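In what follows, a structure is listed as structure tokens, so that the remarks can point back to it.
Bear in mind that the values in this text are calculations on the coordinates, not laboratory data. Just so it is clear, the structure is predicted and the values come from calculations on it, not from any experiment. Note that each Cβ is placed from the backbone with ideal geometry, even for glycine, and that neighbours are counted across all protein chains shown.
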């Protein structure tokens, strides 16, 4: 109650100042702690975020069960964009940075919780989110990553993690070279293994590093890891892949979920947070080919 009273007092002062002088003294806000500015909590957990590089006030946010949201004010105000589509579960969003009016959305949350909702494939907007068209991949159920080739907007990579509740073949990495009219599966291991993470070298878009994750969820247990999990690298846009193993510095034995991050100004530096018998952070200084444990 005391915090509320202090906030109301500060707010009253602000209103008074604005009403008389139209000038806002920012020192009046020094006592207010950082707070959530949206989207509101009823959308569920936030699953994906992308920002227009040249206009960072334009933000797209996907939620687990509340659809896609857009802000053009740097996060102060939000607009719902996906209310009329077949699903409100968002797994991935990717802006075509060469043409920010083009936005791709993968549906079906990619975090295999027992409360997750399924998706209806991948969608594309050509007008910055005003309207949407389903571009296929409906049977993937859950899409976790989307990457648009910065040199060619027609080339898009999709990482499908698939459903955690059962085995099915619509998982792995998909690629289109015609803007989503057709799709080719370019990386697949088995019916239980999907994409946990995927990154692209910004200086060489043909180079992609993919983390595959074998997992299975049932009402009474969750199994993370298996022979299908692993790290893969391609340098020719997915035509050929090299699997990275313990011989290259990764932990021995079966792996679980792997998270990836690349230093965009030094893309030869890659980090991997690896689930194994002893979870650890690994670092590569040669673009993902060899690894050392750093934490």
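Couple of notes before you dig in:
- With all pairs of separate Cα atoms included, segment 48-182 yields a Kirkwood hydrodynamic radius of 14.6 Å.
- Residue exposure sequence - 35, 113, 217 - by fewest surrounding Cβ within 10 Å: 35, 113, 217
- Residues within the reach of a label modelled at residue 269 (point 7 angstrom out along Cα to beta-carbon, backbone nitrogen below 15 Å), restricted to segment 277-295, are 282-288, 292, 294-295.
- Taking each residue as 0.36 nm, the span from residue 181 to residue 222 lengthens on full extension beyond its C-alpha to C-alpha distance by 11.2 nm.
- Cα gyration tensor category, rounded, prolate or oblate, for segment 109-189 with a/c compared to 1.5: oblate
- Neighbour-count ranking [beta-carbon atoms within 10 angstrom, fewest first] of 29, 82: 29, 82
- Among 25, 83, the ranking by other beta carbons within 10 Å of each residue's beta carbon, starting with the fewest, stands as 83, 25.
- Rg and Dmax [Cα atoms of the chain; Å; Rg one decimal, Dmax integer]: 21.5, 71
- Over the chain: helical MRE at 222 nm, DSSP H runs n ≥ 4 each giving -39500 (n - 2.57), nearest 500: -2500 deg cm²/dmol
- Between residue 277 and residue 204, the distance separating the two model label sites (each 7 Å from Cα on the Cα→Cβ line) works out to 3.4 nm.
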